[in-house]
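Down below is the structure, laid out as structure tokens.
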Amino acid sequence: MRAGRRPGGHGFGAPEAPSAPRPDTAWGRISGTVLAYIALTKPRVIELLLVATIPAMLFADRGNVDIVLILSTLFGGWMGAASANSLNCVVDADIDKVMKRTALRPLARQTVPTRNALVFGMLLGIASFAWLWWRANLLAGLLVVATIAFYVLVYTMVLKRRTWQNVVWGGAAGCMPVMVGWAAVTGSLSWEPIVLFLVIFFWTPPHTWALAMRYKEDYKAAGVPMLPVIATEQHVTKQIVLYTWATVIATLVIVPAAGVIYAAVALLAGAWFLIVAHQLFNSVRGGASVKPLKLFLQSNNYLAVVCLGLAIDSVLALPTIGSYF
């Protein structure tokens, strides 16, 4: 990780807000305002959208690459994720001020008025739905609306501050890009996007809990009952191992519908991910000093590698494993 950077929520290790230019000039004030609104969307967190949506679309249209549809879907999905993240910042402004990891967010620093952030987030959501309905289909647009509503109303407003299972069930919102991508291509859903959904669903807890282990005191001060706050490190790391196994198994369920490239990547990357998870658990159980951020970063790399393997496999469209039987 680069010096001076803090890990993001479900993102890939980045500052919570861009560095603002000098505010003592007109250009500096304008640029600072623009950057503050961009920061509301948590742009680095949206990388998960890019990592997950493209392979799902290529998998749905195996052997074909519709660049226009992919770019259109990514843009619509980006607006949807930006909407959800902006509205999340509105709801979480009070605890963001308390946590060091999120203290640089625009509403925590009051660089954007709360009302403006609320309107900004809602407009992005409306634009996302309209764009995807126009450029893809109604199902893709409705799935984005459902994702925004679930993330803000269910995860942020209900689960996050009330139960340690917040990221388990709330993480479902982060799984939706694969559903949106598949729907944009096919206009329907089937077992494949559901399994891809489950891959990210099971991946989210170990990814997030590893980060929460590092920032446990932050969550405790904010009154957020993340698992590392209320449970022992041994219990947390045991859960991380179990969910890591579930993640890897879910990736292997896709193998019959994919080719040898994906199968090899899923097996090797899965073994790599499991080794790191078990190392963390064994270190905690043995009383050794642990670095949970290693697993956090590893989880990012793992998901990226698996998605890349699926994308390459889908583009090349070699015979599927299932076709040999």
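The values are calculated or read from the model by the stated rules, or taken from the named source; none is laboratory data. What you see is a predicted model, and the numbers here were worked out from it, not measured in a lab. Here Cβ is always computed from backbone atoms with ideal geometry, including for glycine, and neighbour counts include all displayed protein chains. Accessible surface is based on the protein model in full, side chains and every heavy atom, while ligands, DNA and RNA are left aside. Shrake-Rupley method; radii C 1.70, N 1.55, O 1.52, S 1.80 Å.
Report the relative contact order of the chain, percent, no decimals, based on alpha-carbon pairs under 8 angstrom and at least 6 residues apart.
Computed value for the chain: 19 percent relative contact order.
Show me the ranking of peptides 178-190, 221-233, 200-212 by mean Cβ neighbours inside 10 Å, starting with the highest.
Ranked from most to least packed, the peptides come out as 200-212, 178-190, 221-233.
Under a crude label model (7 Å from the Cα following the beta-carbon direction), how far is Tyr324 from Arg285 in nanometres?
3.4
Given the Cα-Cα distance of Ala127 and Thr33 and 0.36 nm per residue of separation, how much length would full extension add, in nm?
Additional length available on full extension: 31.7 nm.
Any chance you could run the full-extension gain for Ala264 through Phe75? It's 0.36 nm times the residue separation minus the Cα-Cα distance, nm to one decimal.
64.9 nm
Report relative contact order for region 39-187 in percent, whole number only (criteria: Cα-Cα under 8 Å, sequence separation at least 6).
32
Using the alpha carbons of region 172-265, what is the convex hull volume per residue in cubic angstrom, as a whole number?
111
Does the chain classify as rounded, prolate or oblate by the C-alpha gyration tensor (a ≥ b ≥ c root eigenvalues; a/c under 1.5 gives rounded; else a/b over b/c gives prolate, otherwise oblate)?
In terms of gyration-tensor shape, oblate.
Would you mind putting 30-40, 285-295, 125-135 in packing order, based on average other-beta-carbon counts within 10 Å, highest first?
Packing proxy ranking, top to bottom: 125-135, 30-40, 285-295.
What is region 190-324's relative contact order, in percent, from Cα pairs under 8 angstrom and six or more apart in sequence?
32
Leu153 versus Ile275, label points 7 Å from Cα toward the beta carbon: distance in nm?
4.6
What residue among Val284, Gly80, Phe59 has its Cα farthest toward the positive end of the dipole of the chain, where the charges are +1 on Lys, Arg and -1 on Asp, Glu, each on the Cβ?
Val284
State the percentage of accessible surface on the chain attributable to carbon and sulfur atoms; use a 1.4 Å probe and exclude ligands, DNA and RNA.
On the way: 9680 of 14380 Å².
After summing per-atom areas, the C and S share lands at 67 percent.
I'd like to check one number: the per residue accessible area of the chain, probe 1.4 Å, reported in Å² as a whole number.
Result: 44 Å² per residue.
Pick out the long, greasy-scoring helices in the chain: whole DSSP H runs spanning 27 Å or more along their own axis by Cα, mean Kyte-Doolittle at least 0.0.
Length and hydropathy pass: 67-91, 114-135, 191-214, 233-253, 260-285, 292-316.
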